[in-house]
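Undergrad: Take this structure first; my questions come after.
Computed from the coordinates by the stated procedures, all read-outs in this text should not be read as laboratory data. What you are looking at is a predicted structure, and each value in this text was computed from that prediction instead of being measured. All Cβ positions, even for glycine, are placed from backbone atoms using ideal geometry, and neighbour counts span all protein chains on display.
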Amino acid sequence: MRPTLRPGDRLLVVYGARVRPGRVVVARFADGTLVVKRVAERRGSGWWLRGDNPDVGVDSRHRGAVPEEEVPGVVRGRVWPWPRPL
């Protein structure tokens with residue numbers, strides 16, 4: 001998620017919050033990998049997720065849409081290091 005997030009960032013996640021395009025979320029890919037990605041759009045019964053750096057990392061372009069039940073939380077902010085906006 002660079003440049004928005006960096007390794008070691010601590011995030012405030014609200015579980016059960018409303019997911020919508022543009023939000024940063026915590027999601028689980030089908031293989032069990034836990035990821036933090038930005039929601040691009042709804043596709044069918046799932047969400048199309050993208051990384052903020054399209055040249056690095058794995059997102060829905062590689063794994064497909066993520067089912068809604070596998071997107072449990074929305075990132076509300078960074079708690080460490082502080083301050084640095086999302």
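Undergrad: Of the residues in the range 42-74, how many are in contact (Cβ under 8 Å) with a residue 40 or more places away in the chain, surrounded by fewer than 17 Cβ atoms within 10 Å (Cβ to Cβ) and among the hydrophobic types (A, V, I, L, M, F, W, C)?
TA: 1
Undergrad: Scanning the range 48-77 for residues that are within 12 Å of Val35 (Cβ to Cβ) and part of a strand (DSSP E or B), which turns out farthest from the chain's Cα centre (by Cα)?
TA: Among them, the one singled out is Val66.
Undergrad: Within the range 7-41, take every residue that is assigned to a loop (DSSP other than H, G, I, E, B) and of a type in the set (Lys, Arg) and give me the one that is surrounded by the most Cβ atoms within 10 Å (Cβ to Cβ). So that I can check it myself, show each step before the final result.
TA: To start, the set of residues in the range 7-41 that are assigned to a loop (DSSP other than H, G, I, E, B) comprises 7-9, 16-23, 29-33.
From the residues that got through so far, the ones that are of a type in the set (Lys, Arg) too are 18, 20, 23.
On the way: Arg18: 7, Arg20: 12, Arg23: 17.
Residue satisfying both the conditions and the ranking: Arg23.
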